[in-house]
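Remarks on the structure that follows.
The values are calculated or read from the model by the stated rules, or taken from the named source; none is laboratory data. Every value quoted in this text rests on a predicted model; they were computed, and no experiment measured them. Counting neighbours? That spans all protein chains shown, and the Cβs are built from the backbone with ideal geometry, glycine included.
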Amino acid sequence: MFDSLGGDVGDGVVELIRISRDTVSSRPLASNVQHRKVLDKGKPEDVMPSVKGAQERLPTVPLSGMYNKSGGKVRLTFKLEQDQLWIGTKERTEKLPMGSIKNVVSEPIEGHEDYHMMAFQLGPTEASYYWVYWVPTQYVDAIKDTVLGKWQYF
């Protein structure tokens, strides 16, 4: 089926999605009010040190000293033998099967590029993202590979 411009009908929709995605992704996530509120608290005193330009495997200890979207302290524990990610706060620990996490997105924190803000998508929409702030940059790729699997098709 062709539209009035001579192309496939689906081509226009695909192009519109591409333009929308490019427009949205060109604006830093950190400019969002929700993220600014947490980032404006500044870097946590007990945040793990970051090594800019390095890529390391996950440490054997939990990643700690980070904030969640409420500005509360959070730690990430990777239980590889159980194929789980534990997200721990002072109040509770969520034990998530790795397979239940749909996506992981991250972006360097402006002015502190050696740290990232990272989200774990726990449901079908962006509203289900669990945000973690001040993730040391050297662990970003290892976290994505561990949670999503080494071979990502996108």
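For (1) modelled with pLDDT under 85; (2) loosely packed, with under 10 Cβ neighbours inside 10 Å, each residue gets a yes or a no:
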site: D3; (1), (2): yes, no
site: V13; (1), (2): yes, no
site: I19; (1), (2): yes, no
site: N32; (1), (2): yes, no
site: L39; (1), (2): no, no
site: L76; (1), (2): no, no
site: E81; (1), (2): no, yes
site: L85; (1), (2): no, no
Original post:
Residues that are surrounded by 15 or more Cβ atoms within 10 Å (Cβ to Cβ) and among the hydrophobic types (A, V, I, L, M, F, W, C): which strands (runs of 3 or more DSSP E) entirely in region 93-154 hold 3 or more of them?
Top reply: 103-109, 112-121, 129-136
Original post:
Does K52 qualify as being surrounded by 12 or more Cβ atoms within 10 Å (Cβ to Cβ), at pLDDT below 95 and either among the charged types (D, E, K, R) or touching a Ser or Thr at 6+ places or on another chain (Cβ under 9 Å) (or both)?
Top reply: yes
